[in-house]
Amino acid sequence: MHFKRNLHNVDRLVRLVIGLGCLYIGFIDTSIIGNEIVSTIVGIFGIVNLFAAAFSYCPVYGLTGISTYRCKDGTDA
């Protein structure tokens, strides 16, 4: 399955950092958030962001037609 890239490298880096932080807070250091359900939701949010960063594709951006990716010639992909 191939998705049309819609994330710029800076967007990918931000998602990577946020994803790792949410993964840590949600699943590793669960004492930060006292509620188990909220902690799990934060962890899942982190996983989704890591997948988006890895594949350069955000499904929400895809549904709304948003793209932060620009080709080397300055046009949208």
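Report yes if some residue within segment 57-71 is without any contact (Cβ under 8 Å) to a residue 60 or more places away in the chain, in contact with a helix residue (DSSP H, G or I) (Cβ under 8 Å, 6 or more places away or on another chain) and either within 26 Å of HIS2 (Cβ to Cβ) or surrounded by 13 or more Cβ atoms within 10 Å (Cβ to Cβ) (or both); otherwise report no.
Scanning segment 57-71 turns up at least one residue that is without any contact (Cβ under 8 Å) to a residue 60 or more places away in the chain, in contact with a helix residue (DSSP H, G or I) (Cβ under 8 Å, 6 or more places away or on another chain) and either within 26 Å of HIS2 (Cβ to Cβ) or surrounded by 13 or more Cβ atoms within 10 Å (Cβ to Cβ) (or both).
Checking the structure you have, find out if any residue of segment 7-14 is surrounded by 17 or more Cβ atoms within 10 Å (Cβ to Cβ) and in a loop (DSSP other than H, G, I, E, B).
yes
Looking only at segment 1-52, how many residues end up being hydrophobic (A, V, I, L, M, F, W, C), free of Cβ contacts under 8 Å to residues at least 12 places away in the same chain and more than 26 Å from TYR69 (Cα to Cα)?
Of the residues in that region, 5 qualify.
Under the condition of being farther than 22 Å from LEU13 by Cβ and in a helix (DSSP H, G or I), which residue from segment 26-66 is modelled with the lowest pLDDT?
LEU63
Tell me which residues, restricted to segment 18-44, are under 8 Å from the mean Cα position of the chain (by Cα) and not small (Gly, Ala, Ser).
Listed by number, the list holds a single entry, ILE18.
The values are calculated or read from the model by the stated rules, or taken from the named source; none is laboratory data. Nothing here was measured: the structure is a model prediction, and the numbers come from that model. We place every Cβ from the backbone using ideal geometry, glycine too, and count neighbours over all the protein chains shown.
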